[in-house]
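For reference, the structure is listed below as structure tokens.
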Amino acid sequence: MAKSNKPVVWFPFAAGGTVIAFCMPVIVVLGFLAALGHVPPGLSYENLHAFAAHGLGKLVLLGVIALSLWSSAHRVRCTCYDFGLRADTLIATVLYIAAIVGSMATALFLFRI
Amino acid sequence: MSRRPLVREVPPTTWFFRHPRYMRYMAREVTSLFIGAYCLLLVVAMQRLSAGPVAWQGFLDALRGPGAIIFHLLAMAAAFYHAGTWFNATQKAMPLQIGEEFVNGSYISGAHYLVWAVLSVAVLFFAGVF
């Protein structure tokens, strides 16, 4: 059977696309309220820290951020290709490494909380 | 006689101006840039949160201002456009068959929209927005 790395790339991509669709709009809305100066109570240090201090909260934050990062990396790679940047191997390597480093950094930050 | 397959010239950077369908495709592609940037902002947010209350307050203060508002408006447009197109595509990506019949696609997309709305309202509620 021919071996392919596509499922490894595609599963987090599809999962990330779904996570982005369900979660990202409301996250950006919360950020928008903070940008307007009306910081929602849930984004206060005490509340968000308490959420991130809980094991389940850590898992949710890491899951959303890591899957969104991976999906975005894959999509930006395709976007670069569609805009005529054909150095695909270089772009893919840089973006996937960035997504992996970002996910590991997020895990480390959450572990410290 | 040598075989010469037809290779149509496609301009690599301007091809999507040729057809509105390509433009819609590219509009969706561009949303990934804003969502990707927002993901990086979330990584920074986690770093600031782990660094303590002073760092977190500094992050919230840095988030204020006209530049941040414009960025958030663009990111919001991107996030909502991605969500809408994603849920519209679910009926094609995972058609549901019960017995002989396929379930009407609008029910599949509609169910996704419903879950999305409930989830978003729940997050806003627990974040104390209302």
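The values are calculated or read from the model by the stated rules, or taken from the named source; none is laboratory data. Note that the coordinates shown come from a computational prediction; the quantities given were computed from them, not determined experimentally. Reconstructed Cβ throughout: ideal geometry from the backbone, glycine too, with neighbour counts over all protein chains shown.
Candidates B:79, B:89, B:45, B:75: the one that is over 18 Å from the mean Cα position of the chain (by Cα), in a helix (DSSP H, G or I) and either closer than 23 Å to residue A:69 by Cβ or at the interface with another protein chain (Cβ under 7 Å from one of its Cβ atoms) (or both) is B:45. Scan the range B:13-42 for residues that are of a type in the set (S, T, N, Q) and part of a helix (DSSP H, G or I) and the total you get is 2. Within the range B:78-97, residues that are surrounded by fewer than 16 Cβ atoms within 10 Å (Cβ to Cβ) have Cβ atoms under 9 Å from residues that are of a type in the set (Lys, Arg) in these pairs: B:85/B:24; B:85/B:28, counting only partners at least 6 apart in sequence or on another chain. If you go through the range A:1-41 and keep only what is of a type in the set (A, V, I, L, M), modelled with pLDDT under 95 and part of a helix (DSSP H, G or I), you end up with A:8, A:9, A:14, A:15. Scanning the range A:44-58 for residues that are part of a helix (DSSP H, G or I) and either touching a His at 6+ places or on another chain (Cβ under 9 Å) or more than 7 Å from every other protein chain (Cβ to nearest Cβ) (or both) gives A:46, A:47, A:50, A:51, A:53, A:55, A:56, A:57, A:58.
Filter the range A:23-42 for residues that are among the hydrophobic types (A, V, I, L, M, F, W, C), facing another protein chain (nearest Cβ under 7 Å) and in contact (Cβ under 8 Å) with a residue 12 or more places away in the chain; which is surrounded by the fewest Cβ atoms within 10 Å (Cβ to Cβ)? It comes out as A:30. Taking (1) over 18 Å from residue A:40 (Cα atoms); (2) over 24 Å from the mean Cα position of the chain (by Cα); (3) polar (S, T, N, Q) in turn, residue B:32 satisfies each apart from (2).
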